[in-house]
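The values are calculated or read from the model by the stated rules, or taken from the named source; none is laboratory data. Treat the numbers as computed from the prediction; the structure is a model and nothing was measured. Virtual Cβ from ideal backbone geometry, glycine too; neighbours counted across all protein chains shown. The accessibility values were calculated without ligands, DNA or RNA, using every heavy atom of the protein model including side chains. Shrake-Rupley method; radii C 1.70, N 1.55, O 1.52, S 1.80 Å.
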Amino acid sequence: MSMGSREEACVLKGRFAPSPTGRMHLGNVFCALLSWLSAKSQGGEWHLRIEDIDPDRSRRDFALLLMDDLQWLGLPWDGSVVWQSQRSDIYEHYLTKLHDMGLTYPCYCSRAEIMATQAPHETDGRIVYAGTCRGKKRDEMAENVPHAIRFTVPDEDITFVDGHYGQQCVNLAKHCGDYILRRKDGAWAYQLAVVLDDALMGITEVVRGRDLLLSTPQQLHLSATLGFTPPHYIHHPLLINESGQRLCKRDRSLDLSVLREKHKNPDEIVGFLAFLAGLLPSPTPLSPKELLPLFSWSHVPKTDITADAL
């Protein structure tokens, strides 16, 4: 199956969709900046969605800090903020629709059982669920026992063109497997929520880190199954530390609480990230608006980028 992008719309709509599980770090800001520049350089809108569907890790105070950081950096969003935690009825409606189509099933496997029985994928090390619970008869299932809901994927190739990394072809069954739509604890899974929110918000362009590149085939297939037109996907390289590890919220020296204390001028941070993105020959303080005439995806590297402390 070849999956195209959304037909040209009147207004391009990009988005930034962080999870409020800690303070933003430099890698998060890198994604936000590239997403904002890509949308605004095309005369489009840029929307903010707070992906707070994980009740154990998401905190509203982190979300409020995140919004304050974006404003301070000169990255204002258009329209109202969308909170995933307020959209459960929407997710329930579409999960029921998929159930009625015969495309979901309950899964009782624990993470430990899956890790113990499935070998890591040969190319990227991900664990692909083998469909252990697929096709089980109702009398084999304990309906009162907590269980996840999985989506049945076909043995089918998904071909798409990424805006930065070019043509991709991924087999759903071999690389993705039947994936979770709702977790065993009742929380909504990322794959379902992100597809529905992008579609219902009218998002036409998604800019995000290349670590999510292999999630794209799942999202394209689910989007098509539900009758939506998918956005155009553009993945960017990741910022990594000196050990080659992706930046995370544990890297305290590069989170916004530390960086805002050290750099009173937000343009210093923006200019440094623009330099890492290949938009500037050296780290020069500039605002996001001042970077707009300089932005082009052709300047952005495809390999991951080592980010030293500012």
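A few comments on the model shown:
- Sequence of Leu279, Leu212 from largest to smallest accessible area, 1.4 Å probe: Leu212, Leu279
- Protection-proxy order for peptides 74-81, 188-195, each taking the mean of Cβ atoms within 10 Å per residue, highest first: 188-195, 74-81
- Positive-end residue of Asn171, Pro237, His25, charge dipole of the chain with Cβ unit charges: His25
- Two-decimal log10 I(q)/I(0) for region 1-93, as the Debye equation yields it once each C-alpha is a single scatterer, q = 0.14, 0.17, 0.18 Å⁻¹: -0.58, -0.82, -0.89
- Heavy-atom accessible area per residue - the chain, 1.4 Å, Å²: 47 Å²
- Report summary: the helix-based calculation at 222 nm, which adds -39500 (n - 2.57) for every DSSP H run with n ≥ 4 and divides by the residues of the chain, gives -9000 deg cm²/dmol.
- Only Lys, Arg (+1) and Asp, Glu (-1) charged, at Cβ; the chain dipole about Cα centre in debye: 340 debye
- The chain, accessible surface, carbon-and-sulfur percent (1.4 angstrom probe): 50 percent
- Comparing Val207, Val195, Leu310 along the charge dipole axis of region 163-310, the residue lying farthest to the positive side is Val195, per the Cβ-charge model.
- Translational D in µm²/s for the chain (Stokes-Einstein at 37 °C, 0.692 mPa s, Kirkwood Rh from C-alpha pairs): 159 µm²/s
- When each of the peptides 34-45, 59-70 is scored by how many other beta carbons lie within 10 Å of its residues on average, the order from highest to lowest is 34-45, 59-70.
- Taking amide H atoms as placed 1.01 Å from N in the peptide plane, the amide H of Glu45 lies under 5 Å from those of Leu12, Lys13, Gly14, each 5 or more residues away in sequence or on another chain.
- Taken over region 137-224, the percentage of Cα pairs per 5 Å bin, counting from 0 up to the bin with the maximum distance, is 3, 12, 21, 21, 19, 12, 6, 4, 2, 0.
- Hull volume per residue, based on the alpha-carbon atoms of region 184-292 and their convex hull, is 170 Å³.
- Between Arg59 and Phe275, the modelled labels are 3.2 nm apart [label points 7 Å from Cα along Cα→Cβ].
- Modelled spin labels at Met115 and Arg246, positioned 7 Å past Cα toward Cβ, are 1.8 nm from each other.
- Long pairs among Lys136/Lys174; Lys13/Lys262; Lys40/Lys174; Lys40/Lys264, criterion Cα-Cα beyond 31 Å: Lys13/Lys262; Lys40/Lys174
- A compact globular protein would have a Cα radius of gyration near 2.2 N^0.38 Å; the ratio found for region 238-310 is 1.12.
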